[in-house]
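These notes are about the structure you will find just below.
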RNA sequence: GCCCCCGUAGCUCAGCGGCUAGAGCGACUGCCUUCUAAGCAGUAUGUCGCAGGUUCGAAUCCUGCCGGGGGUGCCA
């Protein structure tokens, strides 16, 4: 249980007791919230409950003819009735009407031993209770290399997946391949023309084709595998062939690019397969039977307005040209996710330019009989890349693109992930690549990694001196720097829980930085290893603390997919 | 026009109802015979875009305005 929840329970019990004993009048209590105050002199955890209930208290007292109480008096009445708990230390009531609670320092110190014993399990929560969750992310069109914007999607999606799989969910990472439709057609034709050009055929790529040099690379690879064999084919035969060969090349490349960011997918899902295995037909029939489809202007429309009372807008299901629109694919796809594959929960990670599309998803889910709350769509803003202050366009159609691969090669997967995850999803990321590289050594990610390397170094040295981690007397951990370090570790489950609830991982790198800073202060203030035999017990206790720190740092770094080095 | 996001220290950004607004970078001053100085200690810096409102309490919620970005039915 999260510490704020535990303490909220204690406060609630105390308040009920105060009511039963007649200190306070009886009335319905609001939900008790306990928060982490900003300043240490305001306790480790704090609640403003007296301020929230003061009106109800005094109204009830007035009816009985009693004089009004101050929030501080109410706070004291509650604080007096607090039940005992090993984690609970002192409780004090502060000025306007806060109850500020301290953790019991002996209990805090003992957590060092618990963490060292249990490892990362100490921090894990069973939020999912085994629920199956799918995280679908990146899913960029398979028409070329990933540009740097996709790196943000990759970092967010993968970290959301890691957060879930460490905290009680069964997770599947999926990449949705848009392997049908106009973009794929143009991609296939461009590839075919490039292939022909390699063999000296005087043809041009389509006017709206893909001009990037990478298309020539793909053509070369087809040439390497098949020589001139395709030249004998007609356009009608060659283009589908090139589509298939090209998609194979691109998806392999996508997987390779993403692997360089430590992102690995469990499943690559083909949009086309929805049309080949009958899912689309089945969903169409289903909607038709529900009278959710109608014809207008030569197109077939889905009656979305029926399911979204606030909207009178319907969606094109099948376009006038007979081709299903993307919304149709999305319906079939989500039918597949929820009904055919039975995920309890699905997370689609999309960029903000899909905001309207995201807003329309609940309509289809309701039509399919699926609770819309089972689908979550975190939206993140775009990444603007600059080089020497000049914006570098990431556009896929411009020919000159900055790829994910290039940037990762330049700044490294660790720095890239840490940086991309440090911003809230809604914030646009705008950074200068030259600056990022120039500041390489000053990058916060290295500060965190350095802290981990120092921790590892101490433990290595201790092992070399024959010291073994054993049952230490953690009561010896009483230095402010030691307790501050433990306090920070104890906050981690709250950070994780919040990140999952909001589908927003950005607090994790910030937390990692804070933890690293507090460790480094401890490192500076408290010598761990000592030659003096008289210090043996303290050394043991501190080694336990260092081991706990290693566990905690490594776990957070694992969650954000950043390496935890043993040395630097 | 309408909808969504952003506007917090010189820069990049956290904080999004709680009691004295933070971090990193940058600036300035000290600190390496001791477990990694990719470090530590200290100093300086903010009308939290503007104006109202709600609340015991607002950077945080509501309304309007200003500035930036995105979206707006047969592309995805």
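The values are calculated or read from the model by the stated rules, or taken from the named source; none is laboratory data. What you see is a predicted model; the values in this text were computed from it and never measured. So basically every Cβ, Gly included, is an ideal-geometry build from the backbone, and we count neighbours across all protein chains shown.
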Check your understanding: Conditions: (1) within 11 Å of RNA strand B (Cβ to nearest atom); (2) assigned to a helix (DSSP H, G or I); (3) touching a strand residue (DSSP E or B) at 6+ places or on another chain (Cβ under 7 Å); (4) over 23 Å from residue A:177 (Cβ atoms). Residue A:430 meets all but one. Number of the miss?
Key -> (2)
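Restricting the search to the range A:449-468, which residues are more than 9 Å from RNA strand B (Cβ to nearest atom) and in a helix (DSSP H, G or I)?
The initial filter retains those residues of the range A:449-468 that are more than 9 Å from RNA strand B (Cβ to nearest atom), namely A:463-468.
Scanning the range A:449-468 gives A:463, A:464.
Going residue by residue through the range A:172-186, is there one that turns out to be within 14 Å of RNA strand B (Cβ to nearest atom) and closer than 17 Å to residue A:504 by Cα?
Initial filter on the range A:172-186 (within 14 Å of RNA strand B (Cβ to nearest atom)): A:175-186.
Among the residues that remain, those that are also closer than 17 Å to residue A:504 by Cα are: none.
No, there is no match, as no residue in the range A:172-186 is within 14 Å of RNA strand B (Cβ to nearest atom) and closer than 17 Å to residue A:504 by Cα.
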Check your understanding: Considering A:120, A:155, A:161, A:151, which residue is farther than 22 Å from residue A:346 by Cβ, assigned by TED's automatic domain parsing to the domain that holds residue A:333 and part of a helix (DSSP H, G or I)?
Key -> A:151
Check your understanding: In the range A:281-306, which residue that is in contact with a strand residue (DSSP E or B) (Cβ under 8 Å, 6 or more places away or on another chain) and assigned to a strand (DSSP E or B) is nearest to residue A:365 (Cα to Cα)?
Key -> A:302
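Looking at the range A:540-551, can you tell me whether even one residue there is in contact (Cβ under 8 Å) with a residue 60 or more places away in the chain and over 17 Å from residue A:484 (Cα atoms)? Spell out how you get there, then give the answer.
First, pick out the residues of the range A:540-551 that are in contact (Cβ under 8 Å) with a residue 60 or more places away in the chain: A:540-551.
After this cut, where a residue has to be over 17 Å from residue A:484 (Cα atoms) as well, the list is A:540.
Within the range A:540-551 (the criterion being in contact (Cβ under 8 Å) with a residue 60 or more places away in the chain and over 17 Å from residue A:484 (Cα atoms)), the answer is yes, since at least one residue qualifies.
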Check your understanding: Quick one: how many residues across the range A:307-325 are at pLDDT 90 or above and either more than 8 Å from RNA strand B (Cβ to nearest atom) or not in a loop (DSSP other than H, G, I, E, B) (or both)?
Key -> 7
Exercise for review: Return the residue satisfying two criteria in turn: it lies in the range A:276-306 and is surrounded by 19 or more Cβ atoms within 10 Å (Cβ to Cβ), within 14 Å of RNA strand B (Cβ to nearest atom) and within 33 Å of the chain's Cα centre (by Cα), and of such residues it is farthest from residue A:356 (Cα to Cα).
Suggested key: A:280
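Consider residue A:484 carefully, then state whether it is within 13 Å of RNA strand B (Cβ to nearest atom) and either assigned by TED's automatic domain parsing to the domain that holds residue A:160 or assigned to a helix (DSSP H, G or I) (or both). Walk me through it before giving the result.
Details: within 13 Å of RNA strand B (Cβ to nearest atom): yes; either assigned by TED's automatic domain parsing to the domain that holds residue A:160 or assigned to a helix (DSSP H, G or I) (or both): yes.
Considered against the rule, which asks whether it is within 13 Å of RNA strand B (Cβ to nearest atom) and either assigned by TED's automatic domain parsing to the domain that holds residue A:160 or assigned to a helix (DSSP H, G or I) (or both), residue A:484 comes out as yes.
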Review point. Do any residues in the range A:555-568 that are more than 12 Å from residue A:417 (Cβ to Cβ) have Cβ atoms under 6 Å from those of residues that are more than 12 Å from RNA strand B (Cβ to nearest atom) and assigned to a loop (DSSP other than H, G, I, E, B), where the two are at least six apart or on different chains, and which pairs are they?
Key: A:555/A:123
Practice item. Please list, ordered by first then second residue, the pairs with beta carbon atoms under 7 Å, 6 or more apart or interchain, first in the range A:289-300 and outside the structural domain of residue A:363 (by TED's automatic domain parsing), second assigned to a strand (DSSP E or B) and near RNA strand B (Cβ under 10 Å from one of its atoms). Key: none
**Study point:** Some residue of the range A:180-195 being modelled with pLDDT under 95, more than 15 Å from the chain's Cα centre (by Cα) and assigned to a loop (DSSP other than H, G, I, E, B)
**Key:** yes
Review point. For the subset of the range A:1-36 comprising residues that are buried (at least 17 other Cβ atoms within 10 Å of the Cβ) and in a loop (DSSP other than H, G, I, E, B), which member is farthest from RNA strand B (Cβ to nearest atom)?
Key: A:23
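Could you tell me which of the residues A:124, A:132, A:81, A:152 is under 30 Å from residue A:354 (Cα atoms), away from RNA strand B (no atom under 16 Å from the Cβ) and either buried (at least 21 other Cβ atoms within 10 Å of the Cβ) or in contact (Cβ under 8 Å) with a residue 12 or more places away in the chain (or both)? Before the answer, list the steps.
Numbers: A:124 fails: under 30 Å from residue A:354 (Cα atoms); A:81 fails: under 30 Å from residue A:354 (Cα atoms); A:152 fails: away from RNA strand B (no atom under 16 Å from the Cβ).
Only one candidate passes the filter, namely A:132.
For the range A:490-508, give me the residue count where each residue is more than 9 Å from RNA strand B (Cβ to nearest atom) and in a helix (DSSP H, G or I).
Residues in the range A:490-508 being more than 9 Å from RNA strand B (Cβ to nearest atom) and in a helix (DSSP H, G or I): 12 in total.
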Review point. Looking at A:368, A:379, A:375, which is the one that is within 11 Å of RNA strand B (Cβ to nearest atom) and either out of contact with any strand residue (DSSP E or B) (no Cβ under 6 Å at 6 or more places or on another chain) or at pLDDT 90 or above (or both)?
Key: A:379
Practice item. Please go through the range A:523-555 and pick out each residue that is within 14 Å of RNA strand B (Cβ to nearest atom), surrounded by 21 or more Cβ atoms within 10 Å (Cβ to Cβ) and within 30 Å of residue A:161 (Cα to Cα). Key: A:545, A:546, A:547, A:549, A:550, A:553
Exercise for review: Determine if the range A:403-412 includes at least one residue that is within 16 Å of RNA strand B (Cβ to nearest atom), out of contact with any strand residue (DSSP E or B) (no Cβ under 8 Å at 6 or more places or on another chain) and in a helix (DSSP H, G or I).
Suggested key: yes
